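The values are calculated or read from the model by the stated rules, or taken from the named source; none is laboratory data. Just so it is clear, the structure is predicted and the values come from calculations on it, not from any experiment. Here the Cβ positions follow ideal geometry from the backbone for every residue, glycine too, while neighbour counts run over all protein chains shown.
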Amino acid sequence: VLHKWVIYDYYILHFDRNGNQQIQSGYMKDTTLALKPTDLYKIKQRFEEMNYFQLNHYIQKEKERGSLSYRRYEIEKYKRFAGPVAILVLTLLGVALTSRKVRGGMGMHLGLGLLLAFSYILLMQVSVVFSTQGNLSPSVGVWIPNFVYLIIALYLLKKAPK
């Protein structure tokens, strides 16, 4: 359903490919949009309370509205799948580290395991920031730590004594 809108004292920002902006202004613009006034209200929903389908629907509505905040919700959507995989990857990493028996005890391997776990968290935070603020896709940003640490875990498993 299309609705007729009249906008007074408006400004339109145009961005070219280089990121330069041009401002167009006017007194009155008569236009037809597929929006209702209620679509312009900002509904602040907590993504922790949404299930997967509600989150997808909310992301789609935010994209239709032209909002840029949908990236945070996309990151949350991909984290819901990447999190359980991260548990498996870090468990595999732990198995690879603990399979080695050394004379000095387990202190060095425990320290290495903690270092790798904290560096995983750091890499996850950095990649999420690049996804939120930069040009990195949310799906790629969330899955990068899993791929990097899966490669590390497979390498350590290959080097581990049988």
**Study point:** Count of residues meeting criterion [closer than 16 Å to residue 138 by Cα and either assigned to a helix (DSSP H, G or I) or not hydrophobic (A, V, I, L, M, F, W, C) (or both)] in the range 59-71
**Key:** 8
Practice item. Take residue 62 and decide whether it is loosely packed, with under 14 Cβ neighbours inside 10 Å, of a type in the set (Asp, Glu), farther than 30 Å from residue 160 by Cβ and at pLDDT 80 or above. Key: no
Check your understanding: Is it the case that residue 149 is more than 20 Å from residue 78 (Cα to Cα) and either of a type in the set (Ser, Thr, Tyr) or modelled with pLDDT of 95 or more (or both)?
Key -> no
Exercise for review: Answer yes or no as to whether residue 107 is without any contact (Cβ under 8 Å) to a residue 12 or more places away in the chain and either closer than 20 Å to residue 136 by Cα or crowded, with 18+ Cβ neighbours inside 10 Å (or both).
Suggested key: no
Review point. Name the residues in the range 121-150 that are under 17 Å from residue 87 (Cβ atoms) and either under 17 Å from the mean Cα position of the chain (by Cα) or of a type outside the set (Phe, Trp, Tyr) (or both), would you?
Key: 121, 123, 124, 142, 143, 144, 145, 146, 147, 148, 150
Study note, to complete from the structure: Subset of the range 5-34, residues among the hydrophobic types (A, V, I, L, M, F, W, C) and within 17 Å of residue 66 (Cβ to Cβ), comes to 5, 7, 12, 13, 15, 33, 34
Revision key, fill the gap. Reported set for the range 118-162 where residues are touching a residue at least 24 places away in the same chain (Cβ under 8 Å) and not in a helix (DSSP H, G or I) is 160, 161
Check your understanding: What single numbered condition from (1) in contact with a Leu (Cβ under 7 Å, 6 or more places away or on another chain); (2) surrounded by fewer than 12 Cβ atoms within 10 Å (Cβ to Cβ) fails to hold for residue 114?
Key -> (1)
Exercise for review: For residues that are exposed (fewer than 10 other Cβ atoms within 10 Å of the Cβ) and outside any loop (DSSP other than H, G, I, E, B), tally how many sit in the range 3-23.
Suggested key: 11
